[in-house]
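The values are calculated or read from the model by the stated rules, or taken from the named source; none is laboratory data. Treat the numbers as computed from the prediction; the structure is a model and nothing was measured. All Cβ positions, glycine included, derive from the backbone under ideal geometry; neighbour counts span all protein chains shown. Note: accessible area is taken over every heavy atom of the protein model, side chains too, but ligands, DNA and RNA are not part of it. Shrake-Rupley method; radii C 1.70, N 1.55, O 1.52, S 1.80 Å.
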Amino acid sequence: MPKIDDIASYAKDTAHKLGIKKYDIYGSAIDETSVQVDQGEPQQMKASQRSSVTVRVWNDEHSVGVTSTTDVDPIGLELALKTAHEASFFGVKENVPEFSPEATDPTAPHAEAKNPQAPVSKLLETLVEAEKELLAAHPAIKGVPYNGLAQRDIDRFYLNSEGAVRNEGHSFASLYLYTKTEEEGRKPRSAGAFRVSHGLDELDINGCLKEAAEKTISHLNYDKVKTGKYRVVFSPEAILSLIGAFSNLFNAQSILDNQSLSTPESLGTQIASPLLCLCDDALHPENVGAETFDGEGTPTRRVALITNGVLSGFLHSSGTAKRLNAQPTGHANMGSKITVSPHFYHIFAGESAEQDYSLDTADNVILIDDLSALHAGVQATQGSFSLPFDGWLVQNGKRTSVESATVAGDIREVLKSVIYVEKELEFTGSGVAPRVWVDELSITGE
Amino acid sequence: MQSPILLISKELPRLTYQSTPDRFDETWEAPLSTLLGWGRAAGADFIEFFLERVNYISCMAEDDAITSISPRLSTGAGVRVFRGKADCYVSTNDLSFNGLKAALEKGLSIMGLQLPAPNSYVPEINLELLRDYAVKKGKESWLADCSSMREMGDVLLAANGELATQAQFVQSRRAVYFRDWQEVLVASSDGTFARDIRLSQSVGYSLLCADGAQRSSINKRVGSTSEPGFLRTWNYGKDAEEVADSASKMLYADYVESGNYPVVMANEFGGVIFHEACGHLLETTQIERKTTPFADKKGEKIAHENLTAWDEGLTSDAFGTIDMDDEGMPAQRTLLIENGILKNFIADRAGSVRTGNPRTGSGRRQGYTYAAASRMRNTYIAPGDYSVEELFASIDKGIYCKKMGGGSVGATGQFNFAVDEAYLIENGKLTKPLKGATLIGEATEIMNKISMCSNDLGLAAGFCGSVSGSVYVTVGQPHIKVDSITVGGR
C-alpha cells in the first residue's frame with residue numbers, strides 16, 4: 001500500500017479536481033502468512049498482501065456517500081471518490097454523519113508493536129512439531145484435522161479533509177490445534193485450543209498443546225446427559241461467546257434501529273445479577289490487537305457496560321453519541337451506515353457472593369467449555385438461544401464428558417440468574433473473563 | 001492468439017506486457033503463460049493464476065428511509081503452486097506483471113523453489129484459446145443492465161412500504177438488496193485459460209415484531225444469478241405477505257419442549273438439513289482432513305433407500321449455478337446419492353490430487369484471497385412419490401419445521417440447525433406454533449431416518465461459509481419426513 005502521506009496527497013488532489021470539499025478515508029493493509037500440516041507434511045501454506053480503503057464524501061447538499069476499494073493508487077482512489085460522490089445523492093437526509101469531534105484528540109500511547117515475520121520454513125517446523133507432540137499425547141488421538149499457525153502484520157489509518165491523520169501498526173501470531181480421536185466402538189471426539197500473541201517468539205505453543213491434549217483426553221470418557229434444568233458453569237470462552245452474541249444489548253446503533261434488547265431508557269436499570277460487571281476495553285493490556293482509534297478516528301477507551309448488574313453504558317459511534325446525548329466511545333466502523341461493535345470484553349466479579357462455589361466439590365453441574373453454532377442458534381433480537389456445546393457433567397467434583405447436548409435459554413434470564421463469578425481471570429483472545437455460574441438452564445440430552 | 005515461444009532462454013525475459021487494464025481478455029495470455037512457464041521451470045508441478053475484479057453494491061431500506069448504499073470495487077489475484085500433494089496460495093492486490101511475478105516468486109519460495117536462473121530451460125505453456133463464457137453467453141452487458149442506485153432505492157422503499165401494510169406489531173422492518181458482479185480469469189499450467197462473468201443478486205426482508213415481552217423475527221430472501229433485471233421484477237407483495245404471516249404466527253408461539261420427535265421438514269430452505277448433515281461431509285476437503293464418516297463408503301448404502309440427492313451447477317438462474325468453477329472447469333451435474341447408495345464426492349483440484357476422486361467442477365472460493373476448495377453448488381434431495389399430506393398423516397405427535405435458520409456440522413459429524421418457524425403436529429394435523437427449536441444429530445444416523453420424500457421439490461438461495469470463504473449456494477428438497485431427531489428447546 002502507498003504511504004499514508006501519499007494517499008492523503010492523492011485524495012486531496014483528486015477531491016479538489018472533482019469539486020469534493022469534505023471527505024474522510026479509513027484504510028488498512030495486511031501482510032499475512034499461514035501454514036497447515038497433516039501428519040507431518042505441509043498441507044497448505046498461504047500468503048497474502050492486500051490493502052483496502054473506504055472513502056466517504058459529503059456533497060454540496062450535505063448528504064454522504066461511501067465506497068470501498070482495494071485499488072489504492074491514484075486511479076483507484078479517483079474512481080472510489082467519484083462513486084462515493086454519486087452514491088452521496090442517495091444518502092440519508094436525517095442524522096447525517098459528521099466527522100468525529102474527537103478525530104484530532106490525542107489517542108492512548110501506542111508502542112509500534114511490529115515484529116519481523118518468521119520464514120515459512122520456521123512456521124512449518126513449529127507446527128509439524130506441535131502436531132507430532134499432540135498425536136503422541138494419547139493413543140486415541142489419530143489426527144489434528146484443524147490446525148494452523150499464522151502471522152499477520154496490520155497497518156491501519158484514518159484521515160479527513162480537515163487535517164486529521166492517524167495511523168498505527170500491529171503484528172500477531174496465532175496457533176490453533178483441534179484434534180480428532182478414534183477408538184474401537186467409541187464415537188469420535190474432538191477438542192482444541194487457541195493462542196495469540198504479538199509474535200511467534202512470544203506464542204505459548206506449549207500451553208496450547210497442553211490444553212488441546214488435556215481437553216481431548218477429558219472427552220474420551222463420555223456419556224449422555226439427561227434432559228432437564230441444571231446449574232451451569234460457563235468457561236471464560238463460553239461466557240464471552242454468549243455475551244458477544246447478544247452485544248446488541250450495549251450497541252447504541254442497534255438501539256436506535258430498534259434491533260436491540262435495550263432501549264435508551266434501559267440505561268441505569270438492573271439487567272444482571274449484582275455479582276456481575278462487564279467492560280469493553282480496547283486498551284486492555286491483554287488485548288493483542290489493541291486499536292487506539294476507531295473507523296472514524298475517535299480514540300478508543302475503556303467503557304463500563306454493566307456495573308454490579310446495572311446497565312451503565314453503551315458502545316457509541318460519533319453519530320449515535322450525538323443522537324443519544326453521549327460521548328463517542330471509539331467503537332465505530334466506517335461504512336455507508338456507520339456500525340458499532342465491541343473491541344475486547346472484560347468480565348469480572350461485582351458485589352460479593354453470599355457463597356463461594358468450586359467445581360472440585362460441585363455436584364450435578366454442567367461445565368460448558370465451548371459453545372457452537374452461534375450464527376444459527378442465537379436469536380439476537382429475541383434474546384433466546386439454543387446452542388450445542390462441548391462440556392462435562394460434574395458429579396461430586398468428577399467430570400464426565402457430555403456426548404451431545406444443547407443449552408437453551410434467554411440471555412436476560414441468564415444475566416439475572418448468575419449466582420457466582422469466579423475470581424481467576426483467563427485471557428481468551430476475544431476478551432478476559434472468569435468462569436461464571438448460572439442457575440436453572442435447560443439442557444437437552446437424552 | 002498464439003502463446004509467445006519461450007524455449008531455452010538466455011536470461012529471463014524482461015518483457016513489458018500491456019494487458020487490458022479493465023477487462024480480462026486475450027491480452028492476458030502472454031504475461032500469464034510466461035509466468036506459468038517460469039513456475040514450471042522452477043520445479044512446481046502445477047501453477048494456477050486466478051484473477052478477479054468485483055463491482056459490488058448493497059442497499060438497505062429501514063422503515064421508510066434508505067439508510068445505506070455501499071459500493072465496493074475490488075481487484076486482485078491469487079497464484080497457487082503445487083509441489084507433489086502440497087500446495088501454497090499467495091494473493092495480492094497488484095495485477096501488474098511485476099505484482100503477479102512477485103506473488104509467484106513468494107509462492108515458489110514458500111515451496112522451497114525459486115525463479116529459474118538465466119539459461120534455464122523454461123517450458124512453453126500453451127494456453128487454450130480463451131474459453132470466454134462471458135462472451136459466449138452474452139454477459140458483457142449484465143452490469144449495465146442492472147438496477148441503478150435510484151431504482152434500488154425506489155424498489156426497496158416500495159417493498160418496505162408494502163411490508164408495513166401487511167405486518168402488525170412491527171418493531172423494525174428492513175428490505176435489503178445486493179448485487180455482486182464478478183469477472184474472473186483462470187490460467188493454469190495444464191493449459192486452462194477461461195474467463196467468466198458472474199452476477200449474483202439477492203433481495204429480501206428482515207422483520208422484527210414485538211408485543212410486550214413477546215418477540216418474533218422472520219427473514220426471507222430470494223436470489224438470482226442470471227437476470228440483470230431481477231430487482232425490478234421482484235414480487236415483493238407475495239414475500240411481504242409470507243413474512244408478515246410467519247411473524248404474526250410466531251409472535252405468541254410457545255417454546256418447544258425438548259425431546260426426540262418425528263419431524264416433517266418443509267421444502268426449499270428445509271434442504272439445509274441435507275446441506276449440513278451430509279453435503280459438507282461429501283466434500284473432498286473433509287476426506288483430506290479425515291473428518292467425514294463417509295470417506296470409505298463410496299458404493300455403499302449411507303442413507304434410506306428412498307433418498308436420492310444431487311449437487312450441480314446447471315439449474316437455470318439458481319443461486320449456486322456457475323458456468324465454470326474457480327479452477328476453470330465447466331459446471332457439472334454430480335449424482336451424490338442414488339436410492340441411498342453413495343455415488344460421488346464433491347471434488348476440487350487439490351481434493352482430487354489428494355484423495356483420488358475425480359474433479360466435479362466444484363472448486364469454489366469467495367474471492368481472490370482464498371484458494372479454491374471443494375464446495376457445494378445447487379444441492380438438493382430429489383423428489384419422491386408421496387404427497388405432503390401423506391407425510392403429515394404418518395405422524396401422531398411430531399414437529400413441522402416450516403422455516404429453517406442456519407446450521408453447521410462439526411469435526412465429528414455432529415450437525416445442528418435452528419428452526420425459525422415450527423408447528424406441533426398432532427394426529428396428522430398442524431396445531432400450535434412453536435419457537436426456539438434446534439435440531440441436532442449425527443450425519444450417519446439421520447440420513448437413514450429420512451424415510452419419506454414428497455413430490456414438491458423446491459429450491460432456495462443460501463450462503464455457505466467454509467474453508468474458501470462464503471459462496472452462493474442453493475439448498476433444496478421436497479417435504480421430507482425424518483423418523484426421529486433430537487430437538488433442543490426449553
Checklist entry - Counting only protein heavy atoms, what percent of the accessible surface of the protein assembly as shown is carbon or sulfur at a 1.4 Å probe? => result 48 percent
Item to check | Fully extended contour minus Cα-Cα distance, from B:THR20 to B:ASP211, at 0.36 nm per residue | outcome: 62.9 nm
Item to check | Ordering of A:100-107, A:32-39 by packing [mean C-beta count within 10 Å, highest first] | outcome: A:32-39, A:100-107
Item to check | Rg/Rh ratio calculated on Cα atoms of the range A:1-218 (Kirkwood radius) | outcome: 1.16
Checklist outcome for this item: Longest principal axis of chain A (C-alpha) makes with the long axis of helix A:74-88 (C-alpha) an angle, in degrees to the nearest 10, of 90 degrees
Item to check | Rounded FRET efficiency, nearest 0.05, which uses the C-beta distance separating B:SER484 from A:ASP6 and R0 of 51 Å | outcome: 0.20
Checklist outcome for this item: Rounded to the nearest 500, the 222 nm mean residue ellipticity computed for chain A from DSSP H runs (n ≥ 4, each -39500 (n - 2.57)) alone is -6000 deg cm²/dmol
Item to check | Amide hydrogen neighbours beyond the local backbone of B:ILE346, cut-off 5 Å, H modeled | outcome: B:GLU283, B:THR284
Next on the checklist: I need the fraction of alpha carbon pairs in the range B:259-488 separated by more than 22 Å, rounded to a whole percent.
Outcome noted: 47 percent
Checklist entry - Using the Cα atoms as the points, what is the convex hull volume per residue of chain B in Å³? => result 141 Å³
Item to check | Crossing angle, helix A:120-136 versus chain A [Cα axis fit, 0-90 degrees, rounded to tens] | outcome: 20 degrees
Checklist entry - Could you name the aspartates and glutamates in cross-link range of A:LYS416, using Cα to Cα under 17 Å and dropping any fewer than eight places away on the same chain? => result A:GLU351, A:GLU354, A:ASP439, A:GLU440
Checklist entry - Taking the Cα centre of chain B as the origin, how large is its charge dipole in debye, to the nearest 20, when only Lys and Arg (+1) and Asp and Glu (-1) carry charge on their Cβ atoms? => result 960 debye
Checklist entry - What length, rounded to one decimal in nm, is gained on full extension from A:PHE348 through to A:GLU98, with 0.36 nm per residue of separation minus their alpha-carbon distance? => result 86.5 nm
Checklist outcome for this item: A student applying the Cα gyration tensor rule (rounded when a/c is under 1.5; otherwise prolate if a/b is larger than b/c, oblate if not) would label chain A oblate
Item to check | Distance (nanometres) between label positions extended 7 Å along Cα→Cβ at A:LYS114 and B:ASN98 | outcome: 2.0 nm
Next on the checklist: Considering only C-alpha atoms, what is the centroid distance from the range B:411-450 to the range B:457-490, in Å?
Outcome noted: 11 Å
Item to check | Loop GluC sites (Glu not before Pro), the range B:289-344, which have at most 16 other Cβ atoms in a 10 Å radius of their Cβ (DSSP) | outcome: B:GLU300, B:GLU305
Checklist outcome for this item: Non-local residues with an amide H under 5 Å from the amide H of B:ARG131, with H modelled 1.01 Å from N and Pro and chain starts lacking one, are B:PHE193, B:ALA194, B:ARG195
Checklist entry - Which of the pairs A:LYS187/B:LYS297; A:LYS22/A:LYS82; B:LYS402/B:LYS432; B:LYS449/B:LYS481 have their Cα atoms more than 19 Å apart in this structure? => result none
Checklist entry - Using a cut-off of 17 Å between alpha-carbon atoms, which aspartates and glutamates can reach B:LYS106, once sequence neighbours fewer than 8 places away in the same chain are excluded? => result A:ASP31, A:GLU32, A:ASP153, B:ASP45, B:GLU48, B:ASP87, B:ASP94
Checklist entry - Is the range B:162-274 rounded, prolate or oblate when judged by the Cα gyration tensor, a ≥ b ≥ c being the square roots of its eigenvalues, rounded requiring a/c under 1.5 and prolate requiring a/b larger than b/c? => result oblate
Item to check | With Cα atoms, 0 to 90° folded angle of helix A:205-218 axis to chain A main axis | outcome: 40 degrees
Checklist entry - So what are the ³J(HN,Hα) numbers for the range A:61-67, from phi and the Karplus equation (6.51, -1.76, 1.60; θ = phi - 60°), rounded to whole Hz, Gly and Pro as x? => result 8, 6, 9, 10, x, 9, 8
Checklist entry - Say R0 is 45 Å: what FRET efficiency, to the nearest 0.05, do A:ASP60 and B:TYR252 get from their beta-carbon distance? => result 0.35
Next on the checklist: For the range B:359-430, take N as its residue count and report Rg(C-alpha) divided by 2.2 N^0.38 Å.
Outcome noted: 1.60
Next on the checklist: With just the Cα atoms defining each centre, how far is the range B:82-105 from the range B:123-152? Give it in Å.
Outcome noted: 24 Å
Checklist entry - Summed for both chains, how many Å² of accessible area, to the nearest 100, are buried between B and A with a 1.4 Å probe? => result 5300 Å²
Item to check | Out-of-range pairs (alpha-carbon distance over 30 Å; input B:LYS137/B:LYS298; A:LYS180/A:LYS398; B:LYS85/B:LYS343) | outcome: B:LYS137/B:LYS298
Checklist outcome for this item: FRET efficiency for A:LYS224 and B:LYS85 from the Cβ-Cβ distance with R0 = 56 Å, rounded to 0.05, comes out at 0.90
Next on the checklist: On a full-extension model of 0.36 nm per residue, what is the gain between A:ASP370 and A:ASN308, subtracting their alpha-carbon distance, rounded to one decimal in nm?
Outcome noted: 19.8 nm
Next on the checklist: Per-residue counts of other Cβ atoms within 10 Å, averaged by peptide: what ranking do you get for A:238-249, B:220-231, B:71-82, highest first?
Outcome noted: B:71-82, A:238-249, B:220-231
Checklist entry - How would you classify the protein assembly as shown from its alpha-carbon gyration tensor, with a ≥ b ≥ c the square roots of the eigenvalues: rounded for a/c under 1.5, else prolate if a/b is greater than b/c, otherwise oblate? => result rounded
Checklist outcome for this item: Once phi for every residue in the range A:144-153 is put through the Karplus expression 6.51 cos²θ - 1.76 cosθ + 1.60 (θ = phi - 60°), the whole-Hz ³J(HN,Hα) values, with Gly and Pro written as x, are 10, x, 10, 8, x, 10, 9, 9, 9, 10
